[in-house]
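Written below as C-alpha cells is the structure these notes are about.
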Amino acid sequence: MKKTLILLFTLCLSLVAFQCEDNIDSTFEEDQQELTGLKQSIEDLASTSVCNENTECKFIAFGSKPCGGPWSYLIYSTSIDEANLKTLVANYNKKEAAYNQKWGIVSDCAMVNPPVSTTCENNTCVAIY
C-alpha cells in the first residue's frame, strides 16, 4: 500500500512538473502575428459566403476589446460552414482576450453596437446600422 502511494505521488508530481502551457514563452510579436493570421483566415472564410434566396445573412461578435465586448461584428451568410466559423471566432476571441491580459493591452473602452439587421445586396451580406 505504501509503495502504491509513493508511486502515485511520483506520477502526479511528474505530470505537474512536465505539464505544457501554450505560448508561455512567446514574444509579443509572435502572439500578435498569430492573432493577425487567425483574424485574416476568419475574414477570408466569411468573405467567401454569398447570399441569395436560399441563404440567410447573419452577424457574430468578432474580437475581444480589453475593456470587454467585441471590436466589431463579422457579417456572413449561411452559405458557408456556420458551425466552423462560430468555432473559429470563439477561439479567436478567447485568444485575443488572453493576449490582452498577457500583454496589458488597453483600448478606448467604447462599446460597439451590433447591426440592427442584415440584408443581401448583389449576393453579398451587408450590415444595417
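Of note:
- Residues with amide H under 5 Å from that of residue 112, placed H, sequence gap 5 or more: none
- When peptides 99-111, 75-87 are sorted by average Cβ neighbour count within 10 Å, with the highest value leading, the order is 75-87, 99-111.
- Spacing of the two label points (7 Å from each Cα toward its C-beta) at residue 126 and residue 81, in nm: 3.0 nm
- Placing R0 at 41 angstrom, the Cβ-Cβ distance between residue 33 and residue 53 gives a FRET efficiency of 0.50 after rounding to 0.05.
- Contact order relative to length of the stretch 29-128, as percent, for alpha carbon pairs under 8 angstrom and 6 or more apart: 32 percent
- For the pair residue 116 and residue 43, a Förster radius of 22 Å applied to the C-beta separation gives a FRET efficiency near 0.50, rounded to the nearest 0.05.
Coordinate-derived values only; no laboratory data. Because the structure is predicted, anything quoted here is derived from the model rather than measured. Note: ideal-geometry Cβ built from the backbone for every residue, glycine included; neighbour counts use all protein chains shown.
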